[in-house]
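Colleague: Before we start, here is the structure in question, set down as structure tokens.
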Amino acid sequence: MLVFFGGSFYMSVRISRKKENADGYMTGGGKLGFGISAASMTATWIWASSMYASASSGYQFEISGPIHYGLWGALMILLIYPFGKRIRSVAPRAHTIAEVMFARHGRSSQLMLAGSNVLGSLISLTSNLIAGGALISLLSPFSFTQGILAIGAGVLLYTLWSGFRSSVLTDLAQVIAMLGAVVIIVPVVFFAAGGPGMFEQGASNLTPEQGNFFSSKAFFEQGAPYIAAVLAYAIGNQTIAQRLFAVREDLIKKTFVTATVGYGATIIGVGMLGVIALYAGIEPLGGDVNNLIPQMAATYLGPVLICVFFVMIIGSLSSTADSDLTALSSIMMADVYGQNVAGKKNANPKTMLLVGRITMIVAVVAALCFASIQFSILDLLVFVGALWGALVFPVISSFYWKRVTNVAFTVSVLAALAAFLPVRFEWIDLSGGVGIASDVLATIGVGVVLALMAFGFFGLKTGIVIGVVATLASAPFAIGFLHTYPTLSGSLIAYSVSTIVCVAITMMNRTKSFDFELIKVRTGSFDTEATAGQKEGATR
């Protein structure tokens, strides 16, 4: 831990400046090169929980589990670049998506995005501290509380002064360490557990569903919910948006395609540990599948490789934790102070830096409190995911459709949430006509998700055709069935309701037409151009 966090701190000190730049603190000046951007995007989304979840999927659904988890998570990264190119073209110097929504619509849409990301990043930070604390308590003499304190202090130590620039630089070293560890650890565990012969000897441990690669249960419980979630995370999450605004505009496609491959390969590879545990007949410690990864390491690895494994997990959670801190600081700097307190023209860059650093300290303290009392984050995670799902169509359409208004944006998101919550938490009986109505909306949601994906890559006409065909083709199978999967149905309903309401209200607007050139005027650097030019160079 001393070597890992000490090395990260040393790297941060090497790039520190006596007078830090506010724009650089949030996005690195928007000039990051390919290598460091791709590494940072990969490291940010390979977090401890994703590794644990992939292994759990492998244990529950055999090899199809990690493939579903890793493949659709990778698709989320890939989906960023077509929409990201449009977002950067209309807002080349923005810092957050919420900041752009303020310029496009106004305060209500901005606060919806900013608020969901504050909650989401705080939950993510808490989750990473819990994962790290549990690992340290399992593999060392330190307690859980000592573990979360050490990790929280270590991440804050190297991130506090230089913000986003520290995060992306340390991400480069962390992703190299993580990928190297995965390449070593997974084969070692595989052969230590029995090698190829394990598959024959352990086949009896599998249920018929686990032995079926095309299991419908694996698809509806793992694959389909992740497919529905990928757009929500791609469009709504500030940790992604921050890297979108940081990378050089001509390198967006190259960066995110590379990160797609890196993430998918790593997460699917780690998920194989769960598959190995299934065939080896290992029972999760305490009946908790989240213990599988450290349990497999403790069972099959020697002391040296245990240290390599430790670096892999600590690197994954640290790279995400520092991204959460920089995302939170940029929201408080740009959206809260820069837009709503001082105003764009009157914002003081020095005050912004102070706000950003105070935000990081407060966020770590809050996450430590939540983690130390084993705060339940499941319901909040569901709520944040739903909010991002409800935001997807209104956000995307706001970057392409001139007639979308603030009323259309706000009402559609609120209506989608109102429809989502009763279904997801099963507050209402979904039998009979209510269940059919829920399935109809969810089926439309299937078409919306696929239409938006196709639209990003192939354009409007193709997107509409695929959306209509997907809705009609899935209707005979989905209606009368989808409501039995509340998580999937709720997400799809959030998509469909927000789309229907947003389109309906927008079609009623026949007079207002937004000029996208105004976004470039209303967003941009908070430091003066002269100062920014002197202080910001391209990070290669």
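The values are calculated or read from the model by the stated rules, or taken from the named source; none is laboratory data. Everything numeric here is computed off the predicted structure, so don't read it as measured data. Neighbour counts are summed over all protein chains in view; Cβ atoms, including those assigned to glycine, are modelled from backbone coordinates with ideal geometry. With ligands, DNA and RNA removed, areas are computed over all heavy atoms of the protein, side chains included. Shrake-Rupley method; radii C 1.70, N 1.55, O 1.52, S 1.80 Å.
Each row is one residue, and each column tells you yes or no for (1) closer than 30 Å to Phe245 by Cβ; (2) in a loop (DSSP other than H, G, I, E, B); (3) among the hydroxyl-bearing types (Ser, Thr, Tyr); (4) modelled with pLDDT of 90 or more.
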{"position": "Ser474", "(1), (2), (3), (4)": "no, no, yes, yes"}
{"position": "Gly480", "(1), (2), (3), (4)": "no, yes, no, no"}
{"position": "Ser491", "(1), (2), (3), (4)": "yes, no, yes, no"}
{"position": "Tyr495", "(1), (2), (3), (4)": "yes, no, yes, yes"}
{"position": "Ser498", "(1), (2), (3), (4)": "yes, no, yes, yes"}
{"position": "Met507", "(1), (2), (3), (4)": "no, no, no, yes"}
{"position": "Asp515", "(1), (2), (3), (4)": "yes, yes, no, yes"}
{"position": "Asp527", "(1), (2), (3), (4)": "yes, yes, no, no"}
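Colleague: Still on this structure, I have one more. Can you tell which of Thr487, Thr462, Thr405 is under 30 Å from Thr511 (Cα atoms), of a type outside the set (A, V, I, L, M, F, W, C) and open to solvent by 50 Å² or more (accessible area, probe 1.4 Å)?
Modeller: Among Thr487, Thr462, Thr405, only Thr462 is under 30 Å from Thr511 (Cα atoms), of a type outside the set (A, V, I, L, M, F, W, C) and open to solvent by 50 Å² or more (accessible area, probe 1.4 Å).
Colleague: Considering (1) under 27 Å from the mean Cα position of the chain (by Cα); (2) surrounded by fewer than 18 Cβ atoms within 10 Å (Cβ to Cβ); (3) assigned to a helix (DSSP H, G or I), say which one Glu426 fails and leave the rest.
Modeller: (3)
Colleague: Now a separate question. So if I check each of Gly58, Gly28, which one is on the phi > 0 side of the Ramachandran plot, buried (at least 24 other Cβ atoms within 10 Å of the Cβ) and in a helix (DSSP H, G or I)?
Modeller: Gly28
Let's see how each residue does on (1) crowded, with 20+ Cβ neighbours inside 10 Å; (2) basic (Lys, Arg); (3) outside any helix (DSSP H, G or I):
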residue	(1), (2), (3)
Arg86	no, yes, no
Met112	yes, no, no
Ser166	yes, no, no
Val186	no, no, no
Phe190	no, no, no
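Colleague: Just one of Arg243, Arg248 is open to solvent by less than 20 Å² (accessible area, probe 1.4 Å) and not polar (S, T, N, Q); which is it?
Modeller: Arg243
For (1) open to solvent by 40 Å² or more (accessible area, probe 1.4 Å); (2) small (Gly, Ala, Ser); (3) in contact with a Leu (Cβ under 7 Å, 6 or more places away or on another chain), each residue gets a yes or a no:
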residue	(1), (2), (3)
Asp288	yes, no, no
Gln295	no, no, yes
Leu301	no, no, no
Val304	yes, no, no
Ile313	no, no, yes
Ser318	no, yes, no
Ala321	no, yes, yes
Asp324	no, no, yes
Ala327	no, yes, no
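Colleague: Then there's this: I'm trying to understand the selection: among the residues of region 238-252, which are in a helix (DSSP H, G or I), of a type in the set (A, V, I, L, M) and modelled with pLDDT of 90 or more?
Modeller: Of the residues in region 238-252, the ones in a helix (DSSP H, G or I) are 238-246, 249-252.
Narrowing the set further to residues that are of a type in the set (A, V, I, L, M) leaves 240-241, 244, 246, 251-252.
If the condition is that a residue be in a helix (DSSP H, G or I), of a type in the set (A, V, I, L, M) and modelled with pLDDT of 90 or more, then Leu244, Ala246, Leu251, Ile252 are the ones that fit.
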